[in-house]
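Single-structure report; data block below.
The values are calculated or read from the model by the stated rules, or taken from the named source; none is laboratory data. Remember, predicted model here, so these are calculated numbers, not experimental data. Cβ placement follows ideal geometry from the backbone for every residue including glycine, while neighbour counts extend to all protein chains displayed.
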Amino acid sequence: MKNIIISILLLLPLSCFACRVSIYGNTEIKKKANAVFEGLVVGVELTYYQEHLKAKYNTEDYEAGGFPVLIMDTTPEHIVSVYVLKILEGDIKPNSTVKIKLGGCGVPEAKLRQTAIFYLQSDNNYALPQYTN
């Protein structure tokens, strides 16, 4: 029992390293955004996970029945292809497809055929999504 209590007390401070999410109102996100548009996710590339696989596992591990597991407290970086449905603000071509980098604290992983309002940041390569379905 004593060992269990000591273990808990030792592990408890590790929660301070967990992902801390900042909750922004739509107004604050829009102020930081270069463009705002409604889009449909038409492609998802799990770039960070692919790099994780290359670095940690080789063919022998996979053939031996090993399955790579990625445990993180943030959403790993991934690239989404988004079809622009409606421009709300900024300079984005309508009816085009853009590639956007997503990931980080509080950013859910994108799924195919998911619609969202995307707040494109100033470098036009990263966005904060607000999923609608």
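Mind telling me which of the residues Val42, Val82 ends up being buried (at least 16 other Cβ atoms within 10 Å of the Cβ) and either at pLDDT below 90 or under 18 Å from the mean Cα position of the chain (by Cα) (or both)? It would help to see each step written out before you state the result.
Numbers: Val42 fails: buried (at least 16 other Cβ atoms within 10 Å of the Cβ).
The match here is Val82.
Considering only residues that are in contact with a Lys or Arg (Cβ under 9 Å, 6 or more places away or on another chain) and of a type in the set (Gly, Ala, Ser), look in the range 107-133 and name the one that is modelled with the lowest pLDDT.
Among those residues, the one meeting the criterion is Ser122.
So which of Asn58, Asn26 ends up being within 22 Å of Tyr126 (Cβ to Cβ), modelled with pLDDT under 75 and over 16 Å from the mean Cα position of the chain (by Cα)? Quick ask: steps written out before the conclusion?
Values: Asn58 fails: within 22 Å of Tyr126 (Cβ to Cβ).
Asn26 is the lone residue from the list that is within 22 Å of Tyr126 (Cβ to Cβ), modelled with pLDDT under 75 and over 16 Å from the mean Cα position of the chain (by Cα).
Does any residue in the range 113-133 that is on the phi > 0 side of the Ramachandran plot come within less than 8 Å, Cβ to Cβ, of a residue that is in a loop (DSSP other than H, G, I, E, B) and surrounded by 13 or more Cβ atoms within 10 Å (Cβ to Cβ) six or more places away or on a different chain, and which pairs are these?
Asn124/Asn34
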